[in-house]
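The values are calculated or read from the model by the stated rules, or taken from the named source; none is laboratory data. This structure is a prediction, so every number in the text was calculated from the model and none was measured. FYI the Cβ positions are ideal-geometry reconstructions off the backbone, even for glycines, and counts take in every protein chain you see.
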């Protein structure tokens, strides 16, 4: 069939493998109202007890002198990179070719801030210490994304990450972490957040991914740079009249979702264990390095979304949210992001769903679209 409504089918599913169950806007707002103190007052122009308490909490958690809350991670990160490049007198940022900054932001660093990029490492693997050493010419700042989502949620080994930081800092290059998911990667490195953050001069962290906020981000780093970033926040139009719904959601995420990160990570590895024996199914990286990974199936990627609808209708489980273009013909790839939804399912149920997906994909490739 070609007239099926994917969104209607998704909403009809009782369960999902990735992310969280959908909630209405009212449910989101009611949850925030139930969480926040009855006498809490909204922030105003970036100041006030709510937002300042969050900034102090983030700075302490990451072991940095200061932090600044912003509504948009992209804005926060670009401001940070601009400031480092101004201080270094070089408009060049070193960044991995598969990073979010390079692939998904329409070269905003160039068009908005006049920056340019040079590659940090090979596109098909995380950066290595030798890549940091090989950077040529003056560099204003280097960016390390943790994890590299577009490379399959992969991370450098801890020893490599330490050596990359030491090499760059030894050359006088500021090291910035695109650490939106630092909360999700901490169980893999099994070190305190502040120990991970100590490898970087500044970090960008997110409150709307694993921490379940509707939006919101922060940058953390030296107090003088954060002071400069506040001015650029105003110049960039990111100092809104009030941000209290996002601030409340961020505090709630730190209280309620941050403690669940080890459970998400353990569930991801248990699911990978359950998928590994299935014919025509591969997991990458194997084992997963955070709560997210890619599943690779034998078959034509053009049939993957249709096979997903087949499985969702048959099982009541939505198998995945995002397919990934495959660099290899004959393989279909999608992401699995383990959050609350997966915790409601057993590994056997999830493996059964993905086994059916592999079978439906194979059937479609063989022209057996009516196969049950």
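Brief remarks on what is shown
- Matching residues in the stretch 136-162 - criterion: being buried (at least 18 other Cβ atoms within 10 Å of the Cβ), in contact with a helix residue (DSSP H, G or I) (Cβ under 8 Å, 6 or more places away or on another chain) and in a loop (DSSP other than H, G, I, E, B): 139, 140, 146, 147, 155, 156
- Taken over the stretch 231-244, the criterion of being touching a helix residue (DSSP H, G or I) at 6+ places or on another chain (Cβ under 6 Å) and either without any contact (Cβ under 8 Å) to a residue 60 or more places away in the chain or under 20 Å from residue 211 (Cβ atoms) (or both) is satisfied by 238, 244.
- Residues within the stretch 13-27 that are touching a helix residue (DSSP H, G or I) at 6+ places or on another chain (Cβ under 8 Å) and either assigned to a helix (DSSP H, G or I) or in contact (Cβ under 8 Å) with a residue 60 or more places away in the chain (or both), tallied: 8
- Some residue of the stretch 109-116 being part of a loop (DSSP other than H, G, I, E, B) and closer than 20 Å to residue 206 by Cβ: no
- Criterion: farther than 30 Å from residue 45 by Cα and surrounded by 16 or more Cβ atoms within 10 Å (Cβ to Cβ) - qualifying residue of 254, 297, 243, 225: 297
- Here residue 50 clears all of (1) surrounded by 21 or more Cβ atoms within 10 Å (Cβ to Cβ); (2) modelled with pLDDT of 95 or more; (3) in contact with a strand residue (DSSP E or B) (Cβ under 8 Å, 6 or more places away or on another chain) except the condition numbered (3).
- The lone exception for residue 125 - which of (1) surrounded by fewer than 21 Cβ atoms within 10 Å (Cβ to Cβ); (2) more than 18 Å from residue 287 (Cβ to Cβ); (3) in contact with a strand residue (DSSP E or B) (Cβ under 9 Å, 6 or more places away or on another chain); (4) modelled with pLDDT of 95 or more it fails: (2)
- Only one of 98, 57 that is over 18 Å from residue 242 (Cβ atoms), part of a helix (DSSP H, G or I) and either in the same structural domain as residue 153 (by TED's automatic domain parsing) or at pLDDT 95 or above (or both): 57
- Exactly one residue out of 332, 341 is in contact (Cβ under 8 Å) with a residue 24 or more places away in the chain, assigned to a helix (DSSP H, G or I) and closer than 18 Å to residue 293 by Cβ: that is 341.
- Some residue of the stretch 266-287 being surrounded by 23 or more Cβ atoms within 10 Å (Cβ to Cβ), part of a helix (DSSP H, G or I) and within 23 Å of the chain's Cα centre (by Cα): yes
- On inspection, residue 364 qualifies as at pLDDT below 95, assigned to a helix (DSSP H, G or I) and in contact with a helix residue (DSSP H, G or I) (Cβ under 7 Å, 6 or more places away or on another chain).
- Members of the stretch 269-280 that are within 17 Å of residue 18 (Cβ to Cβ) and either out of contact with any strand residue (DSSP E or B) (no Cβ under 6 Å at 6 or more places or on another chain) or outside the structural domain of residue 357 (by TED's automatic domain parsing) (or both): 269, 270, 271, 274
- Residue in the stretch 160-178 that is closer than 23 Å to residue 267 by Cβ and either at pLDDT 95 or above or outside the structural domain of residue 291 (by TED's automatic domain parsing) (or both) present: no
- Unmet requirement for residue 214, which otherwise passes all of (1) in contact (Cβ under 8 Å) with a residue 40 or more places away in the chain; (2) surrounded by fewer than 22 Cβ atoms within 10 Å (Cβ to Cβ); (3) on the phi > 0 side of the Ramachandran plot: (3)
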